[in-house]
Amino acid sequence: MAEKHWIAAALVAAALAAWGADAQRAQPAAASPRIYVFENGSISGLDPALFNFKREELEQVDFVDMAYLVVHPRGTVMFDAGAVPDGLFKGDGSPVVEGVVTATKPLLPQLAAVGYKPADITYLVLSHYHSDHTGNANAFAGATWIVQKAERDYMFADDPQGIIQPATYAALRNANTKILSNEDFDVFGDGTVVVMSTPGHTPGHQVLAVKLANRGTVVLAGDLYHYPEERTTGRTPTFEFAADQSKVSRARIEKFVEDNHAQLWIEHDIATHAALPKSPQYVD
Ligand SMILES: [Zn+2]
């Protein structure tokens, strides 16, 4: 009798496991877009003066590192690619420390946990080329890369300078590429997922506006800002490619946010991300 119960329980467990595996393999298309928030780690030890702030003017000095997967009924968009390449993790659970970056979680296992391989990704959108956003860009070279011409030109210049690690995105040189010229792009043609051109931080910085059924419109802001205090003071970092352009881009996005009652998710902001469900949960 006891043995029968055990067998029945085992059969139920096996069925549930198979169902779970099927659910993951099937990658059911979302009825409307959803956003998965992936965590990569943090950046600490930054000098606030780099951002034209004094320590006491900032609520939080440290950053988080995030990446996002947008799942739309007609495809997927990876927005940013993590702070360091997954290959740098030793696999023993220890973090990867690269200068000011402490990466605690590889990206691709987080993607796999919600049922996606890099080959399942339809579009790659990088907010910009700074190395804390391009860590695993090479893994998505099979996707269509949506990039502003000015950004791509800089990335593949002979000797690009600054916060840049060309090896992390070298494979994108030959990727299917949708090149934009300081313009927006409606990714699926229905207005729900739109790349918006926001130059300034880098020559071709861009943000992603996503219209969600429940939460409303969300702007994945990349490094349009780093600290929420930049929004209220209008200050820009010392290392902007073109601070005058950043101000124009910010004004445009602030108007968009206001007109659409949108949420602005600053990618490095600790407070923004503390409030969000992290993958495998999602925002829809
Ligand atoms: Zn940046």
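The values are calculated or read from the model by the stated rules, or taken from the named source; none is laboratory data. In this text, all values refer to a predicted model and were calculated from it rather than measured experimentally. We place every Cβ from the backbone using ideal geometry, glycine too, and count neighbours over all the protein chains shown. In case anyone asks, the SASA skips ligands and DNA or RNA and just uses the protein heavy atoms, side chains included. Shrake-Rupley method; radii C 1.70, N 1.55, O 1.52, S 1.80 Å.
Give me P(r) over the chain, computed from all C-alpha to C-alpha distances, binned every 10 Å, as integer percentages.
6, 28, 36, 19, 6, 3, 2, 0
Choose one answer from Glu258, Glu230, Glu240: the residue with the largest mean-square fluctuation in a GNM of the chain with alpha-carbon springs under 10 Å.
The residue with the greatest mean-square fluctuation here is Glu258.
Run the helix sum for the chain: -39,500 (n - 2.57) per DSSP H stretch of 4+ residues, divided by residue count, reported at 222 nm to the nearest 500 deg cm²/dmol.
It comes out at -7500 deg cm²/dmol, rounded to the nearest 500.
If I model a spin label at Thr233 and Ala275 as a point 7 Å from the Cα along the Cα→Cβ vector, what separation in nanometres do I get?
With each label placed 7 Å out from Cα toward Cβ, I get 2.1 nm.
Using Cα-Cα distances under 8 Å and only pairs 6 or more residues apart, what relative contact order does the chain have, in percent?
RCO, the chain: 19 percent.
For the chain, what does the accessible surface come to per residue with a 1.4 Å probe? Please give it in Å².
Per-residue accessible area for the chain comes out at 46 Å².
Output the direction-averaged projected area (hull surface divided by four) of the convex hull of the alpha-carbon atoms of region 189-266, in nm².
Projected area, direction-averaged: 5.0 nm².
Residue by residue, what Karplus-based ³J(HN,Hα) values in Hz, rounded to whole numbers, does region 197-203 have, using 6.51, -1.76 and 1.60 with θ = phi - 60° and x for Gly and Pro?
Those phi angles translate into 6, 9, x, x, 4, 9, x Hz.
Given H placed 1.01 Å from N in the peptide plane, which residues other than close sequence neighbours of Gly82 have an amide H under 5 Å from its amide H?
Gly135, Asn136
Could you give the length gained on full extension between Asp153 and Asp284, defined as 0.36 nm per residue of separation minus the Cα-Cα distance, in nm?
Contour length minus Cα-Cα distance gives 43.7 nm.
Find out how many positive minus negative residues lie around Ala103, taking Lys and Arg as positive, Asp and Glu as negative, among other residues whose Cβ is under 11 Å from that of Ala103.
Neighbourhood net charge equals -4.
All other residues with a Cβ under 13 Å from the Cβ of Thr238 taken together, and with Lys, Arg as +1 and Asp, Glu as -1, what is their net charge?
-2
Going by amide H atoms built from the backbone, whose H comes under 5 Å of the H on Glu98, apart from near neighbours?
Excluding prolines and chain starts, which carry no amide H, the hits are Ala103.
Express as a percent, rounded to the nearest 5, the fraction of DSSP beta bridges in the chain (both residues included) that run antiparallel.
70 percent
Which far-off residues, 5 or more places away or on another chain, put their amide H under 5 Å from the one on Leu180, with H placed in the peptide plane?
Val147, Gln148, Lys149
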